[in-house]
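The values are calculated or read from the model by the stated rules, or taken from the named source; none is laboratory data. Quick caveat: nothing in here was measured; it's all calculated off a predicted structure. Neighbour counts are summed over all protein chains in view; Cβ atoms, including those assigned to glycine, are modelled from backbone coordinates with ideal geometry. All accessible areas refer to the heavy atoms of the entire protein, side chains included, with ligands and DNA or RNA removed. Shrake-Rupley method; radii C 1.70, N 1.55, O 1.52, S 1.80 Å.
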Amino acid sequence: MYLHDQRPWMIGYSGGKDSTLLCQLVFEMLEALPEEKRTKPVYIVTSDTMVENPIVRDYMHKMNKAINDASKDKKLNIQAHIIYPEIRNTFWCLVIGLGYPTPEPPGFRWCTERLKINPSNTFTYNTIKKRWGNCNTSRRSKSGKLCPSTKYIFA
């Protein structure tokens, strides 16, 4: 798949077992290719919601740096980025500043879209669409089903 075309890949990285495995497999696949064939950019994107536990936040930033350092050392054409919500959409601006109720499971989850999905869409648009044109992506839930509330189509 990697050599099929030049469209970039974007991987959402949370630091959990699934995204860590995916990143490891991509690293190993790229290492197995000759350097001259590693031309497609691979973006590894982590969302810092600005409400993370400090231990999680520090780990996220440490891993972002480790990915970039390893990619540079091995010439893999991988770029790790940390994305943030717009200030007006941060958890504390909305809860304290505007009086939004705190999210409650199972249904009232206004924060996911504002803290993770919108910043991801903005990154995708600014980094991939502007340079590469049309971009069709999808987001799947942990069950493997497409998330119906998420639209990631830029044309």
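A few notes on this one:
- Per this entry, Leu76 is counted among residues that are part of a loop (DSSP other than H, G, I, E, B), open to solvent by less than 50 Å² (accessible area, probe 1.4 Å) and in contact (Cβ under 8 Å) with a residue 40 or more places away in the chain.
- Residue within segment 52-69 that is open to solvent by less than 90 Å² (accessible area, probe 1.4 Å) and touching a Phe, Trp or Tyr at 6+ places or on another chain (Cβ under 7 Å) present: no
- Any hit, segment 112-129, residues being within 23 Å of Thr39 (Cα to Cα), open to solvent by less than 100 Å² (accessible area, probe 1.4 Å), at pLDDT below 80 and in contact with a strand residue (DSSP E or B) (Cβ under 9 Å, 6 or more places away or on another chain): yes
Every residue, every condition in (1) at positive phi; (2) within 15 Å of the chain's Cα centre (by Cα); (3) of a type in the set (Ser, Thr, Tyr), yes or no:
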position	(1), (2), (3)
Phe27	no, no, no
Pro34	no, no, no
Val42	no, yes, no
Thr49	no, yes, yes
Arg57	no, yes, no
Lys62	no, no, no
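- Checklist (1) of a type in the set (Ser, Thr, Tyr); (2) open to solvent by 40 Å² or more (accessible area, probe 1.4 Å); (3) part of a helix (DSSP H, G or I); (4) over 23 Å from Thr112 (Cα atoms) applied to Thr39, failing item: (3)
- Residues satisfying the stated conditions in segment 4-23, i.e. assigned to a loop (DSSP other than H, G, I, E, B) and touching a Ser or Thr at 6+ places or on another chain (Cβ under 9 Å): Gln6, Pro8, Tyr13, Ser14, Gly15
- Qualifying residue in segment 92-105 (condition: open to solvent by less than 80 Å² (accessible area, probe 1.4 Å), hydroxyl-bearing (Ser, Thr, Tyr) and either within 22 Å of Asn126 (Cβ to Cβ) or touching a Gly at 6+ places or on another chain (Cβ under 8 Å) (or both)): no
- Residues in segment 1-36 that are among the polar types (S, T, N, Q) and open to solvent by less than 30 Å² (accessible area, probe 1.4 Å): Ser19 only.
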